[in-house]
Structures are given as C-alpha cells and as structure tokens.
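Report on one structure; see the data block that follows.
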Amino acid sequence: MKILVTGGTGYIGSHTVVALQQKGYEVVIVDNLSNSQADIVDQIEKITGLRPELEVFDLANRELTADFFRRHSDVLGVIHFAAFKAVGESVEKPLYYYRNNLVSLMNILESMQENNIRNIVFSSSCTVYGQPDILPVSEKAPIKKAESPYGNTKQISEEILQDYIKVSGLHAIALRYFNPIGAHETALIGELPLGVPNNLVPFITQTAIGIRQELKVFGDDYPTPDGTPIRDYIHVMDLAQAHVVAVQRMIGQQMKQGFEVFNLGTGKGYSVLEVINAFEKVSGTKLNYKIVDRREGDVTQVWADPTFSHNELGWKAEKGLDEMVGSAWKWEQAYRSRS
Ligand code: NAD
Ligand code: WQD
C-alpha cells in the first residue's frame, strides 16, 4: 500500500500525506524543497504518528528519477503535485516553468512504465477553464487558451497524460482544483508561501498578523453583486480527502476510462469582500485593506459544478468558508509564534 507523493512537503501535498497515512497508506515523498522545507515531515509525524520517507531531488532530472523508481518499484500509485505554481513568475520565466512542470511529468511517466507502475493522480487546475461561458463550470466545458505559461503547463500536462495512457496501459486521474485555502485543524501544517504571497488568503492572514501593512483588493468594478471577483474556495483537507478517494478508485480498478477528470470545488462561489468579511468575523480582527486597480489576468467569476465528482467519486467538500478562513488564521498564528 505504498504511494509516492511528489511535492509532498508542499502545501496540498503535505495535507494529502496526512490523509493517506490516516487511511493506512505508506507514503514516500519526493521533493526538491524548491518551495517547501524538509521539517514538514516532523510536523506530519506529530499529526499521524507516522514519519513519511522523504527523498530530496529534482524530478526534472531524468537519471535521478529513473533511479528512484527502480528502488521503489513496489509503489502502487503516484500522486504528482510537484510543480512550480506562481502565475506571474511563469510569465517572466516561461522556459523555467515549462521545463520544470513538463519534464518532471514526462520523467515520472517514463519511469512508471519501466517499473510497471500503473496509476497516477495529477494536480490540474480550474485555470484550464479561463473565464467559462457557463457557470457553474463542469468538466465538459471547453478548455480556453491559457492565460499564462503556468496555466499552459496544466493544459499540456493533461494532453500528455491523455496521449500516453493510450499507448502505455497507464491510468490517470486529473483533479482540477478550484481555490484551495485553509490548513490542518492542528495548525501543525499549512500554507507557507515564500516571500510576498500572491494568493488572497495568505495575504489576508499575513496582513492581520502584521507582516504586511495592507491588503490590496484588486478591483471592485467587476460585474458581480459587490463588484469583486468570485471564486470557489475549497478547504485543503477536503481536497486531500479527494486524493485518497482517487487513489482508491484507481487501485480498486473502478475507473471507467483510462483518463478521467474531476472538478474539486464546493460548487459555491464567494467574492473577495465576502472572504474578507468571513475572516473579520471569525478572527475578531479588523483587516486593513483598500480597493486598488484590477490585477491583470484575473477572471470575473468561476465556480465548480462538482456533480460529476459527487456521483462518480462519492466525494463531497464538507467544510464551509468560516472553517476555511478560521483554520488559515489559526495556522498563521501558530506558525508565527513558533518561528
Ligand atoms: P507547493 O509549491 O506548496 O508544492 C509543490 C511542491 O513541489 C513544493 O514542495 C516544491 O518544492 C516541489 N517541487 C516543485 N518542482 C519540483 C521538482 N522539479 N522536483 C521535485 N519537487 C518539486 O504548491 P501546492 O499549492 O501544494 O500545489 C501542488 C500542486 O497543485 C501543483 O502542481 C500546483 O500547480 C497545483 N495547484 C495548486 C493550486 C493552489 O492554488 N495552491 C491550485 C490548482 C492547482
Ligand atoms: C483570488 C481573488 C484576486 C490577492 C490562482 C491561480 C490559479 C490557481 C489558484 C493554481 C482574485 C483577489 C488576491 C490579493 C486580491 N492556482 N486578490 N488581493 O487568482 O483565483 O487563482 O490561484 O492552479 O491558477 O491563478 O487566486 O488567491 O490569487 O485570488 O484582491 O492580494 O482574490 O484578484 O479575485 P486566483 P488568488
């Protein structure tokens, strides 16, 4: 029952390792620590009582990846989180993103095939939908031209998987995450952006704790009820559970096609101001924010139709917005008091 979690010391990966261990899976992590820290495995061990194995190397290195898989050919399945994910940075450094995100995927697929490992879950994103024509957006919605090299790596990765499963006998599930936020209830693991956060919720919690002076709300002139953009925020532990379900589906040979895609969202959208209001209510703090110009590349609104995931995976997001922002706040406070 061994699962390889690439990017397992990262934000979503670490929460998924916890969920896997708690369902009885043995976990081996590969991460090059480009956006995370090795001591995350200590934190995971505090939560579950089990220490995941960690190997530190770059999956974009073909030889090291091949060597790892030869030594771990008993892996039943792979959950592939490892990737660069900063949209703005990907515009500045496209080759850096294409090389890292695509070469690592190809190295993994090649090594899986060589070692007869058949199952891979891939981290995709709602970014593949762009601004959908119909809301809520289902898996059948057309893929829009990617807004950034990062988004393009997700589209191309899905295509690589689709092409490769046709000739390799591999099975792949692509999970399209909407906006993951929040932290494990123990506040021992959570989101830890390097430098200035790009995403809304870490920026909110860092502002509230005094690391950032003020949150900039990027535009209040969108055609939405309060003028700010709407997203489908999903608790990272709900997301983690979905990965366990996807792994079980693959290992239990319940897939209906060699390549399957599922939306992971709650089905409910919240505006930026609604997130801020929820945070102020739950934390009992007043957030210092101001409305500024729109951020380039932001879509107006997107939220998931999670019906297919409900029906096929038997998975449903359970945690609401207050619990999401509350856990993010608890994590921020706990982390800063430790460091
Ligand atoms: P993260 O940066 O916290 O975790 C990714 C991990 O992968 C990091 O620990 C990093 O060190 C590692 N990594 C990157 N390149 C590597 C390589 N070549 N070799 C080995 N390790 C490498 O990011 P996250 O938020 O946990 O995201 C996980 C996955 O989910 C990514 O593929 C991301 O694109 C995708 N995703 C994230 C979001 C989000 O909002 N967080 C939304 C949709 C999809
Ligand atoms: C949410 C809302 C901002 C910061 C990004 C990626 C996407 C996916 C998830 C990986 C937007 C507003 C934000 C701030 C703000 N990642 N905001 N002030 O842009 O929906 O999605 O992360 O696949 O690909 O693009 O998430 O958290 O950055 O923004 O007003 O300082 O918060 O304008 O409306 P986004 P986000």
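Kindly check whether there is at least one residue in segment 26-44 that is within 16 Å of ligand 2 (Cβ to nearest atom) and part of a helix (DSSP H, G or I).
No, the conditions are met nowhere in segment 26-44.
Would you mind stating whether Pro225 is under 23 Å from Leu33 (Cα atoms) and not β-branched (Val, Ile, Thr)?
Spelling it out, it is not the case that Pro225 is under 23 Å from Leu33 (Cα atoms) and not β-branched (Val, Ile, Thr).
Considering only segment 7-29, state which residues are near ligand 1 (Cβ under 6 Å from one of its atoms) and either closer than 14 Å to Val247 by Cα or of a type outside the set (S, T, N, Q) (or both).
Passing the criteria: Gly7, Gly10, Tyr11, Ile12, Gly13.
Consider Arg231 against the criteria (1) within 15 Å of ligand 2 (Cβ to nearest atom); (2) surrounded by fewer than 20 Cβ atoms within 10 Å (Cβ to Cβ): it satisfies all of them except one. Which criterion is unmet?
(2)
Pairs please, first residue from segment 146-165 and within 17 Å of Asn107 (Cβ to Cβ), second anywhere and of a type in the set (Phe, Trp, Tyr) and more than 14 Å from ligand 1 (Cβ to nearest atom), Cβ atoms under 8 Å, 6+ apart in sequence or on different chains.
So the pair list comes out as Leu161/Phe259; Ile165/Phe259.
I'm checking my understanding of the structure. Among residues of segment 102-128 that are part of a strand (DSSP E or B) and within 15 Å of ligand 2 (Cβ to nearest atom), which one is surrounded by the most Cβ atoms within 10 Å (Cβ to Cβ)?
Only one residue fits best here, namely Ser123.
For segment 209-224, check the following and say yes or no: at least one residue is within 11 Å of ligand 1 (Cβ to nearest atom), of a type in the set (Asp, Glu), touching a residue at least 60 places away in the same chain (Cβ under 8 Å) and part of a loop (DSSP other than H, G, I, E, B).
no
When the residues of segment 191-208 are filtered to those that are within 20 Å of Val325 (Cβ to Cβ) and not in a helix (DSSP H, G or I), which remaining residue is farthest from ligand 1 (Cβ to nearest atom)? Give the derivation first.
Pass one, segment 191-208, residues within 20 Å of Val325 (Cβ to Cβ): 191-193, 196-208.
With not in a helix (DSSP H, G or I) added as a condition, the list becomes 191-193, 196-199.
Details: Glu191: 7, Leu192: 7, Pro193: 8, Val196: 15, Pro197: 11, Asn198: 9, Asn199: 6 Å.
Applying the filter and picking the extreme gives Val196.
Kindly list, by first and then second residue, each pair from a residue in segment 86-106 that is acidic (Asp, Glu) to a residue that is surrounded by fewer than 19 Cβ atoms within 10 Å (Cβ to Cβ), limited to pairs with Cβ atoms under 7 Å and residues at least 6 apart or on different chains.
none
Can you spot a residue in segment 153-174 that is closer than 30 Å to Gly326 by Cα and not basic (Lys, Arg)?
yes
I need the full set of residues from segment 221-240 which are in contact with a Lys or Arg (Cβ under 9 Å, 6 or more places away or on another chain) and closer than 24 Å to Ser157 by Cα, in order please.
Across segment 221-240, the qualifying residues are Asp232, Tyr233, Ile234, Asp238.
When you scan segment 277-284, do you find a residue that is within 25 Å of Glu139 (Cβ to Cβ) and buried (at least 16 other Cβ atoms within 10 Å of the Cβ), even just one?
There is no residue in segment 277-284 that is within 25 Å of Glu139 (Cβ to Cβ) and buried (at least 16 other Cβ atoms within 10 Å of the Cβ).
Just wondering, is there one or more residues in segment 53-69 that are in contact (Cβ under 8 Å) with a residue 60 or more places away in the chain, in a loop (DSSP other than H, G, I, E, B) and out of contact with any Gly (no Cβ under 6 Å at 6 or more places or on another chain)?
no
For Ile47, are the conditions met, namely being under 21 Å from the mean Cα position of the chain (by Cα), β-branched (Val, Ile, Thr) and farther than 26 Å from Glu114 by Cα?
Here the answer is yes, as Ile47 does meet what is asked.
Each value in this text was obtained by applying a stated rule to the coordinates, not by laboratory testing. Small disclaimer: the values here were computed from a predicted structure and weren't measured. As a convention, Cβ positions derive from the backbone with ideal geometry for all residues, glycine included, and neighbour counts pool all protein chains shown.
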